[in-house]
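Structure, as structure tokens:
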Amino acid sequence: MAEIQSNGGGGGGGKKRAKKQSTRVDMTPLVDLAFLLLTFFVLTSTFSQPKVLRMIFPEKLDEKDLKNMKQPEVKDGITILLTGNDKVYWYRGALNDKAVLEETDYTKNGLRKILVENNLTLLTQLRDFEKQLNKIDDKDTAKRNAIDAKVKQAQRDSKLVVLLKNDDKASYRNVIDVMDEFMICQIAKYFAVDEGMAPLEKKLIDLKTKS
Amino acid sequence: MPRSTPSLDMTPMVDLAFLLVTFFMLTSSFRAPEPVFVDPPSSTTEMQIPKQVFLVTVDADGRVFIDLTNPAVKELVLKDMMRDFKVQMSAEEVKKFAGAGPIGLKMEAIPAYLELEVNARIKVQQSGVPYDTLNIKKSQLYHWAYNSRLRAHDDFKYREAEATKRGLPFDKENYIQFAVKADGNTKYNVLKNVIQVFREAKVKNFQMITGLEAKPKD
């Protein structure tokens with residue numbers, strides 16, 4: 001400080017200079033920094049929100065219960081078989097030697113088309129209910145509840161049963177993809193079979209891949 | 001003329017920018033360092049992850065890592081585990097464990113792991129929490145699941161009682177739920193075995209963590 005004053009020469013002139021110097025600070029770097037931090041926090045906080053898919057598993061059964069339990073009958077349903085290399089097979093009806101295995105895939109024209117075609121009755125019903133809901137006033141809860149009850153009844157009455165079975169090679173991604181597909185196609189009744197594939201089903205897949 | 005450069009008063013802008021920065025800093029929580037990289041499959045659900053979870057991470061090799069987002073409950077569960085498996089840990093180590101993120105080690109190896117610096121922990125090859133499909137009730141994973149379920153229930157009851165005592169609203173959805181974050185390439189049967197252990201401990205409801213995927217239009 002002392003040096004500056006001595007360099008400044010006359011006392012009067014120095015005072016005048018000091019007055020002229022503005023007290024403004026250049027805030028541009030500060031703004032730069034602030035916005036950099038802002039962008040960082042905005043990007044990291046909103047995009048890392050994962051979503052969840054709820055799965056409910058039955059409580060573990062005793063061996064006694066397991067013996068008494070009947071295998072689910074699939075007269076009117078379809079069975080989806082998952083195996084390695086992202087391959088999916090499916091057949092209609094009960095499992096016997098006459099079951100016709102067909103290969104499909106996870107695309108829109110594969111599994112989804114099959115599920116939608118088989119679930120058309122329920123899907124049209126649900127769409128009708130949705131149209132009715134749209135016509136009703138939001139405040140009319142009595143009517144809304146009545147339609148909700150109808151939706152639940154329709155889901156309960158749905159005849160389509162879909163079974164999901166996998167072998168040792170199927171990956172978790174495959175299962176989630178199929179579960180997701182069930183939700184998109186609004187399948188009311190689907191079951192993941194705990195025991196996995198039956199020996200006959202494995203044999204059918206073997207035959208299919210060889211041919 | 002050259003003297004009159006247009007100068008802009010940036011003070012309000014800086015005010016606003018820092019206000020927003022503070023807001024985002026306070027509301028966002030940093031992701032805890034993860035010992036494994038897991039790439040979950042994607043689905044079209046729009047359900048948000050629950051606020052409090054017991055997180056089970058399963059990587060592509062089938063190793064299991066566990067974590068609890070509520071530190072207080074996590075400490076209690078660890079104390080239960082120390083009792084069940086007769087492992088001694090100091091109060092300081094218990095505190096450290098609560099903030100250590102997902103851990104995939106057997107109980108006996110946890111104290112040594114907590115001794116390490118945070119940066120050194122990432123380099124440790126964790127073998128996963130041991131579980132056994134034949135002798136489920138003796139395995140450590142079963143005990144983690146069982147103790148956590150009980151502690152989560154206690155926590156819920158406690159907070160419900162506190163809320164009613166003070167006449168505050170109580171969010172019933174805000175209880176500790178079990179979430180599974182598994183790699184898409186994990187064999188489903190491996191995951192089934194892990195879930196089997198949890199089912200044995202009477203945990204039936206799982207939130208499967210998935211990435212987001214656009215919903216198809218009819």
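Condition first: on the phi > 0 side of the Ramachandran plot and either within 11 Å of chain A (Cβ to nearest Cβ) or β-branched (Val, Ile, Thr) (or both). Can you find one or more residues in segment B:169-178 that meet it?
To start, the set of residues in segment B:169-178 that are on the phi > 0 side of the Ramachandran plot comprises none.
No, segment B:169-178 contains no residue that is on the phi > 0 side of the Ramachandran plot and either within 11 Å of chain A (Cβ to nearest Cβ) or β-branched (Val, Ile, Thr) (or both).
Taking residue A:61, is it at pLDDT 75 or above, surrounded by 10 or more Cβ atoms within 10 Å (Cβ to Cβ) and either touching a strand residue (DSSP E or B) at 6+ places or on another chain (Cβ under 7 Å) or not charged (D, E, K, R) (or both)?
Working: at pLDDT 75 or above: no; surrounded by 10 or more Cβ atoms within 10 Å (Cβ to Cβ): yes; either touching a strand residue (DSSP E or B) at 6+ places or on another chain (Cβ under 7 Å) or not charged (D, E, K, R) (or both): yes.
No; evaluated as a whole, the condition is false for this residue.
Taking the criterion of being in contact with a Phe, Trp or Tyr (Cβ under 6 Å, 6 or more places away or on another chain) and touching a residue at least 40 places away in the same chain (Cβ under 8 Å), the only residue of segment B:150-175 that qualifies is B:175.
How many residues, within segment A:180-198, are in contact with a strand residue (DSSP E or B) (Cβ under 7 Å, 6 or more places away or on another chain), part of a loop (DSSP other than H, G, I, E, B) and either within 11 Å of chain B (Cβ to nearest Cβ) or within 24 Å of residue A:96 (Cα to Cα) (or both)?
Quick first cut of segment A:180-198, residues in contact with a strand residue (DSSP E or B) (Cβ under 7 Å, 6 or more places away or on another chain) only: A:180, A:182, A:187, A:189-193, A:196-197.
Next, from what is left, pick out any that are part of a loop (DSSP other than H, G, I, E, B): A:187, A:193, A:196-197.
Checking which are either within 11 Å of chain B (Cβ to nearest Cβ) or within 24 Å of residue A:96 (Cα to Cα) (or both) leaves us with A:193, A:196-197.
The total comes to 3.
The single condition from (1) of a type outside the set (Asp, Glu); (2) at pLDDT 75 or above; (3) surrounded by fewer than 10 Cβ atoms within 10 Å (Cβ to Cβ) that residue A:51 fails is (3).
Against the conditions (1) assigned to a helix (DSSP H, G or I); (2) touching a strand residue (DSSP E or B) at 6+ places or on another chain (Cβ under 9 Å); (3) aliphatic (A, V, I, L, M), residue B:180 satisfies every one except (1).
Among the residues of segment B:122-147, those identified as surrounded by 12 or more Cβ atoms within 10 Å (Cβ to Cβ), assigned to a helix (DSSP H, G or I) and out of contact with any strand residue (DSSP E or B) (no Cβ under 9 Å at 6 or more places or on another chain) are B:136, B:140, B:142, B:143, B:146, B:147. The single residue among B:34, B:46, B:92 that is over 20 Å from residue B:143 (Cα atoms) and away from chain A (no Cβ under 13 Å) turns out to be B:92. All conditions but one from (1) farther than 29 Å from residue B:199 by Cα; (2) of a type outside the set (D, E, K, R); (3) modelled with pLDDT of 75 or more apply to residue A:99; the one that does not is (3).
The single condition among (1) at the interface with another protein chain (Cβ under 10 Å from one of its Cβ atoms); (2) under 30 Å from residue B:92 (Cα atoms); (3) aromatic (Phe, Trp, Tyr) that residue B:188 does not satisfy is (2). For the residues A:152, A:159, A:135, the requirement of being surrounded by fewer than 16 Cβ atoms within 10 Å (Cβ to Cβ) and modelled with pLDDT of 80 or more singles out A:152. Listed by first and then second residue, the pairs with beta-carbon distance under 8 Å, at least 6 apart or on different chains, first residue in segment A:118-138 and more than 30 Å from residue A:91 (Cα to Cα), second in a helix (DSSP H, G or I) and among the β-branched types (Val, Ile, Thr), are A:129/A:147; A:129/A:151; A:132/A:147; A:133/A:147; A:136/A:147.
Residue A:104 falls short on exactly one of the conditions (1) at pLDDT 80 or above; (2) more than 24 Å from the chain's Cα centre (by Cα); (3) surrounded by fewer than 18 Cβ atoms within 10 Å (Cβ to Cβ), and that condition is (2). Looking at this structure, is residue B:14 over 26 Å from residue B:157 (Cα atoms), among the hydrophobic types (A, V, I, L, M, F, W, C) and either part of a loop (DSSP other than H, G, I, E, B) or away from every other protein chain (no Cβ under 14 Å) (or both)? It is false that residue B:14 is over 26 Å from residue B:157 (Cα atoms), among the hydrophobic types (A, V, I, L, M, F, W, C) and either part of a loop (DSSP other than H, G, I, E, B) or away from every other protein chain (no Cβ under 14 Å) (or both).
In the set A:166, A:96, A:174, which member is within 14 Å of chain B (Cβ to nearest Cβ) and either touching an Asp or Glu at 6+ places or on another chain (Cβ under 7 Å) or exposed (fewer than 12 other Cβ atoms within 10 Å of the Cβ) (or both)?
On the way: A:166 fails: either touching an Asp or Glu at 6+ places or on another chain (Cβ under 7 Å) or exposed (fewer than 12 other Cβ atoms within 10 Å of the Cβ) (or both); A:96 fails: within 14 Å of chain B (Cβ to nearest Cβ).
After ruling out the rest, the residue left standing is A:174.
All of B:201, B:182 fail the test of being within 10 Å of another protein chain (Cβ to nearest Cβ), touching a Pro at 6+ places or on another chain (Cβ under 8 Å) and within 28 Å of residue A:179 (Cβ to Cβ), apart from B:182.
The values are calculated or read from the model by the stated rules, or taken from the named source; none is laboratory data. Note that this is a predicted model, so its numbers are computed, not measured. Counting neighbours? That spans all protein chains shown, and the Cβs are built from the backbone with ideal geometry, glycine included.
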